[in-house]
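A.B. asks: Let me begin by handing over the structure; questions about it come next.
Just so it is clear, none of the values below were taken in a lab; they were calculated from the coordinates. This structure is a prediction, so every number in the text was calculated from the model and none was measured. Neighbour counts run over all protein chains shown; Cβ positions are idealised from the backbone, glycine included.
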Amino acid sequence: MKRFVAFAAAVCCTFCVNVDAAYAENIEISAKSAVVISADTGEIVYSENSGEKLPMASTTKIMSALLCLESGDLYEPFVVDSEAIKVEGSSMGLQEGDIVTKYALACGMLLPSGNDGANAAAVKIAGSIENFAEMMNDRAKKLGLKKTYFVTPSGLEGEGHGSTAEDMAILTAEALKNDLFREICSSATMKLEYGNPPYTRWLKNTNKLLTMYDGVYGVKTGFTDEAGRCLVSACEREGKRLICVTLNAPDDWNDHIKLYENCFKKVKTEKLCIPCEMYVRLAGSYKDVLPVTAGEEIADFTVFQRDTADFTYTVASPPFIYAPVKAGDLAAELIVSDNGRELERIPLYAAEDGDYRLPENDEKSGNFITKAKDIFSKWKK
């Protein structure tokens with residue numbers, strides 16, 4: 001969706017997330033580091049050493065798969081780089097000469113956790129693994145991941161490669177905004193075609209939590225000797241959406257179940273406080289402004305200690321919308337943010353027609369239109 005220049009703002013109030021203030025009763029888990037956040041607001045519901053930088057193994061592929069899916073030409077076939085796929089560890093079964101698509105590689109990263117798929121995508125997209133790691137770190141910086149550093153697209157350790165549970169939760173919230181990413185990571189199995197020549201094969205998701213616990217819709221497993229067992233998951237229950245991250249957790253499946261059982265009791269859903277009256281500037285019409293409306297049902301937000309009335313609601317549009325505009329035309333966006341962090345972009349549509357006709361009793365305007373028509377007629381001749 002297009003980025004717009006901010007035009008008008010509504011209610012605004014600041015709220016700072018404080019990890020120490022997060023609800024953190026004594027829950028017995030195996031993880032060295034853990035966090036549970038609202039998938040909608042990023043608000044921390046539970047935290048245990050969530051700011052400690054640790055290796056995160058194949059949960060790295062959350063970033064790799066997201067960048068792959070955002071790179072375009074997802075279904076264009078190509079031959080994998082023969083050197084890139086020579087990598088140890090988990091695999092999607094790529095061999096020299098295989099014909100794949102970037103979509104298939106993203107599936108191979110998120111389901112069987114293919115290191116070969118991650119490397120193949122990196123080389124295809126950025127030309128080299130090193131260049132792709134730079135892309136990963138650039139995106140991490142834009143997301144405000146302060147303690148995250150990527151060296152490899154697969155998650156195999158490199159010097160400095162690591163993240164925190166909190167950073168990984170923020171990254172996951174961003175990734176789940178991508179519909180394809182969410183569809184793939186929530187699939188227990190997928191049917192794909194690739195190879196030389198391409199043939200049908202089934203990929204199985206390593207995330208057992210998808211079938212162990214109701215409402216789980218992702219996200220990614222990880223394991224290395226150094227990192228231990230790592231798990232990132234997302235779960236929805238009664239409209240409430242949470243993201244859970246555990247790093248170095250020998251009993252990660254049960255850790256996540258315990259944390260969800262506890263944290264879902266602590267959160268609630270609230271409707272967004274959409275401003276009753278919203279307008280954009282209209283040019284080329286006798287109307288100066290055009291009323292706009294969300295025009296669709298907006299999902300409730302999962303909140304912990306916050307109130308959606310405290311969010312910032314900003315109508316964003318081009319400096320002017322030019323007539324004619326029909327009721328129902330996309331005209332702007334409503335940006336929902338909290339403490340400077342963008343949470344949601346909601347399309348806004350024209351609530352009524354905005355035509356270019358000027359008042360008939362405006363003599364000057366009428367003269368102008370007459371002259372304009374004369375000039376246009378002469379130009380056509």
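A.B. asks: Show that you can apply the helix-only estimate: for the chain, add -39,500 (n - 2.57) for every DSSP H stretch of four or more residues, divide by all residues, and state [θ] at 222 nm to the nearest 500.
C.D. replies: Numbers: 9 runs with 97 residues, N = 381.
When only DSSP H runs of four or more count, the value is -7500 deg cm²/dmol.
A.B. asks: Does anyone have the angle between helix 129-142 and the longest principal axis of the chain? Alpha-carbon axes, 0 to 90°, nearest 10?
C.D. replies: Between helix and principal axis, roughly 60 degrees.
A.B. asks: If you place +1 on the Cβ of every Lys and Arg, -1 on the Cβ of every Asp and Glu, and leave all else neutral, what size is the dipole of the chain about its Cα centre, to the nearest 20 Debye? Don't skip to the answer; put the middle values down first.
C.D. replies: Values: 42 positive and 56 negative charges, 215 e Å.
Magnitude of the dipole: close to 1040 debye.
A.B. asks: What is the distance, in nm, between label points placed 7 Å from the Cα along the Cα-to-Cβ direction at I298 and at S71?
C.D. replies: 3.6 nm
A.B. asks: To continue, here is another question. Among T148, T211, T224, which one shows the biggest mean-square fluctuation in a GNM of the chain, springs joining Cα atoms closer than 10 Å?
C.D. replies: Residue with maximal mean-square fluctuation among T148, T211, T224: T211.
A.B. asks: Going through the cross-link list K177/K208; K287/K326; K147/K258, which pairs have a Cα-Cα distance over 18 Å in this structure? Don't jump to the answer; show the numbers that get you there.
C.D. replies: Details: K177/K208 22 Å; K287/K326 13 Å; K147/K258 27 Å.
Beyond 18 Å between Cα atoms: K177/K208; K147/K258.
A.B. asks: Continuing with the same structure: For the range 111-212, count all C-alpha to C-alpha pairs, find those more than 21 Å apart, and express that count as a whole percent of the total. Kindly include the intermediate steps, with their values, before the conclusion.
C.D. replies: Details: 2299 of 5151 pairs.
The answer is 45 percent, as a whole percent.
A.B. asks: Taking the chain as a Gaussian network, Cα atoms linked when under 10 Å apart, which of T41, T293, T59 shows the biggest mean-square fluctuation?
C.D. replies: It is T293.
A.B. asks: Normalising by the residue count of the chain, find the relative contact order in percent from Cα pairs under 8 Å and 6+ residues apart. Walk me through the numbers before you get to the answer.
C.D. replies: Working: 874 pairs, mean separation 75.7, N = 381.
Relative contact order for the chain comes out at 20 percent.
A.B. asks: Please list, by residue number, every one of the GluC sites (Glu not before Pro) in the range 154-223 that is coil in DSSP and has at most 15 other beta-carbon atoms within 10 Å. The partial results should precede the final answer.
C.D. replies: On the way: sites: E157, E159, E166, E174, E183, E193; in loops: E157, E159.
Listed in order of number, the matching sites are E159.
A.B. asks: Next question, about the same structure. Can you pull out the GluC sites (Glu not before Pro) in the range 233-263 that DSSP calls coil and that have at most 13 other Cβ atoms within 10 Å? Before the final figure, lay out each step's value.
C.D. replies: On the way: sites: E236, E238, E261; in loops: E238.
Answer in residue order: E238.
A.B. asks: I need the trypsin sites (Lys or Arg not before Pro) found in the range 160-233, filtered to DSSP loop residues with at most 14 other beta carbons within 10 Å of theirs. Walk me through the intermediate numbers first.
C.D. replies: On the way: sites: K177, R182, K191, R201, K204, K208, K220, R229; in loops: K177, K208.
In loop regions of the range 160-233 (DSSP not H, G, I, E or B), the sparsely surrounded trypsin sites (Lys or Arg not before Pro) are K177, K208.
A.B. asks: A follow-up question, please. How about K142: which aspartates and glutamates have a C-alpha closer than 13 Å to its C-alpha, ignoring those fewer than 8 places off in the same chain?
C.D. replies: Reachable aspartates and glutamates: E134, D167, E174, E342.
A.B. asks: Using a 10 angstrom cutoff on alpha carbons, build the Gaussian network for the chain and name the most mobile of G127, G218, G42.
C.D. replies: So, out of G127, G218, G42, the one fluctuating most is G127.
A.B. asks: So if I average 1/r over every pair of distinct C-alpha atoms in the chain and take the inverse, what Kirkwood radius in Å does that give? Don't skip to the answer; put the middle values down first.
C.D. replies: Values: mean 1/r = 0.0434 Å⁻¹.
By the Kirkwood definition, the hydrodynamic radius is 23.1 Å.
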